[in-house]
Structure formats: C-alpha cells, structure tokens
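The values are calculated or read from the model by the stated rules, or taken from the named source; none is laboratory data. Note that this is a predicted model, so its numbers are computed, not measured. Cβ placement follows ideal geometry from the backbone for every residue including glycine, while neighbour counts extend to all protein chains displayed.
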Amino acid sequence: MIYIETGSDDVCYNFGAEYYFAVEKPMPDTVFLFWRTTPTLMVGRYQNVAEEVDKAYADAHHIRIVRRMSGGGAGSSPLLRRLGRRRSASGSTSRR
C-alpha cells in the first residue's frame, strides 16, 4: 500500500490530487490518499445545489460548497451534518 498525505486543507486541491492519482498517474499498488478540509459540503455530480443546500446557512458559517466529479449524495467534512432543506406536505421548509 502506498500512503500519500496531501498536507493541504484546500478541498479543490485535494480533489485534484485524488483525480490525478486515480486517472492520470496509475500507481503500482493500492493508494491510501489522506486529506482533510476546512468545513466543506461536497455535493455529488447530479445534485441540485439550489434545491438541496441552504446556501445562506453555509455562507453564514463559512462552509465551502464544492461539487465532486462522481455521483452520489452529499458528504461533509469535517462536519457530520446535512445542509439541506426538507419540504413538508404543506410546502414549508425546515433545516435537516
């Protein structure tokens, strides 16, 4: 196993490093890429940020919103919290 620590907390840099090692620079062994970020919400390729993310809340709490190249649901780092709005049957919204 090859262990790589980026040393960066910039999520865009880290996504770039992840892509580089996965696609551009195949490695001879399994790679464990370790990185961390400042508070960030990572949305999947097909998620609608305008519908699913409370941007005002994220901005007020200095939480960066980025899109990753793969699909799937949202992930957050280092926060374990979804920043979305849930619609009730009446049409009102509440934070999840």
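The figures follow:
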item	result
Count of region 19-43 residues which are in a strand (DSSP E or B) and of a type outside the set (S, T, N, Q)	7
Region 52-64, subset touching a residue at least 12 places away in the same chain (Cβ under 8 Å) and either part of a helix (DSSP H, G or I) or of a type in the set (A, V, I, L, M) (or both), residue nearest to Pro39 (Cα to Cα)	Ile63
Criterion (assigned to a loop (DSSP other than H, G, I, E, B), modelled with pLDDT of 85 or more and farther than 12 Å from Ile65 by Cβ) met by exactly one of Gly7, Gly16	Gly7
Pairs, first exposed (fewer than 10 other Cβ atoms within 10 Å of the Cβ) in region 20-34, second not in a helix (DSSP H, G or I), C-beta under 9 Å, six or more apart	Pro28/Ile2; Asp29/Met1; Asp29/Ile2; Thr30/Met1; Thr30/Ile2
